[in-house]
Structures are given as C-alpha cells and as structure tokens.
Amino acid sequence: MGRDFGSERLPLVHRDHLWGRLGVVSRRTLLAGGVGVAAMLTACEDPPPAPRLPSVDSVVGDITYRTADGFQIVATFTPPGDVLPPWPVVVLLHQFHGTRAQWSGITPDLLAAGFAVLAPDARAHGQSIGRWTASGDLEITTDRAGTLGHWVRDVEAACNWIALRSEIDSERLHVGGVSAGANAAWVATGAQLPVRRAVAVSPRFDTQGLLLGNEIQNFRPSGVLFQTDKSEALQAQALFGRTEEPRHIEVYDASGHGMDLLDDRRARRDFVAWFADAR
C-alpha cells in the first residue's frame, strides 16, 4: 500500500520517520513496519557499484557537491549561450524514481530565456547514491523511500554551491519541480533558503506528511506557481491555500502528471514565464 505522487508509488512512512529527523530511515526499519519492498524501492539485493563522480573542480557540465548530511549529489550545470554573466539560475527537481535526465526537454527553453540551469539527481536517485559516513567512507544508499522527506536538504546544498559561483546571480535563484520535486520546490520557498520563485508541477497534499513543511519553524512559502490538470487540482489547491503572495495556480485542460503535463505547450510556456517575470 502507498500514497501516490502521481504514477510514482510512495510508501506509507510513519511521521516519526520524516525528514525533520537527522537520521535516514533504513530498509530494515521500513520492512519492520510492514511496507512492501516492491512499493518503495527498486534496489536489488546487491548494492550497485559506487558512481563515478565528476571532479569537485568542475563548474560546467556534470558537477558534484555534498549535502549537510553527507550525500554526494551529482548534477548537470548548463549556462545560457550568448548571455553575459552573472546569470539567473533555475534548479530543477525531478520526480520520485526519476533522474535529472527528465529535464532535457525543457532545459533549452530556460536557456533561451537567459537562465542557467542546475539539474541534480536527488539523493538515492541516479548518480547521487553515495553518502559519506562519519569515518570518511563513501557508502552506497539506494533507499529512495527513506530519504524522500529530506529532498529540501538537496536544494540547500544546491543553493550553497551556487553561492560560491561568481558567474551565477544567487539573488535570482529559482526552483522548479515535478511531482515529489514539486513539493520540494514549494517547501524550499518557505525553508529560509535564498529561493526567489518556484514552480510546482503536479504537487501532492496527501503524502503522509512528507514534503509539506510541517517540521520547519516559521514556514511561510511564497512566490509559487502551481501547475496541475483538473484531476489533481484539489491537491494543488490545498498547498496554494498555505502559500503567501506572490502565488498563482493554473489548472490545464491537458491531462497529465508531472513531466507529462509539461508536454502541453501552454504549461511549458507558463513554467518559464513565471521565472522570467521575476527578473
């Protein structure tokens, strides 16, 4: 059993295991709670090999940075062509079980509008499966379910990486996300991070408390465009009601969840325009 982020199945995780706690929920803990393996993880019995990480000195293309709790995030940074720095930037958050490759379709639209793009693999997804231990070892973590509630820490790490880059305008930092990534983008605007605007495509409210900002003091999200189809409009409206101005919700006639909704030309245009209007 589980809750949906659209087509992605989420496990029923007890509130005690939310991302407000420092620990990562282990596979053993989840199984003890009666959660089925097939509903929460795609990992096999043997862990995959450690990913080949980009150089820590890389600043364009595939780059890497570390979160406060030790995850080695791998991302792709793409600057806009023929635009002088410092550039505004959009951080793109994929959906649960996705990877940064999902953003290949809309990235050219953002680049053409003058934005740099930073697209990371979320923790325990894609190449971001390494986590540094206190002893200095890089362990492999594929517990996507147990780490889902901590995605905003990945956004924090992205903000820190951006702050060190003089060619990026950190005061024009935006976040866009789909499905679970939409929730993370929304939460990031209320988590005292330097996020100016966000777009949340197909966010969910019925997540068993995951990625709803409940554990953040003085949580006041703002500056968010919510994009949804009619079938999921109530989900987005629930988060819209907790969001301060500027805010907007757009319900599309086109049907689709997450990246599928962005196949709609108007939805894609609105996604880029929300960031462009903030400049």
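Worth pointing out:
- Hits in the range 215-246 - residues which are buried (at least 18 other Cβ atoms within 10 Å of the Cβ) and either assigned to a strand (DSSP E or B) or without any contact (Cβ under 8 Å) to a residue 40 or more places away in the chain (or both): Pro221, Gly223, Val224, Leu225, Phe226, Gln227, Thr228, Asp229, Gln235, Ala236, Phe240
- Strands (runs of 3 or more DSSP E) enclosed by the range 125-200 - at least 1 residues per element that are polar (S, T, N, Q): 168-178
- Any hit, the range 204-212, residues being of a type in the set (Lys, Arg), more than 27 Å from Pro88 (Cα to Cα) and surrounded by 19 or more Cβ atoms within 10 Å (Cβ to Cβ): yes
- Being under 15 Å from the mean Cα position of the chain (by Cα), buried (at least 18 other Cβ atoms within 10 Å of the Cβ) and among the hydroxyl-bearing types (Ser, Thr, Tyr) is not true of Thr64.
- Scanning the range 146-164 for residues that are farther than 20 Å from Ala185 by Cβ and surrounded by 19 or more Cβ atoms within 10 Å (Cβ to Cβ) gives a single hit, Gly146.
None of the figures in this text is laboratory data; all of them are computed from the coordinates on show. Predicted model, so just to flag it, every value in this text is computed and none were measured. Every residue, glycine among them, receives a Cβ derived from its backbone with ideal geometry; neighbour counts consider all protein chains shown.
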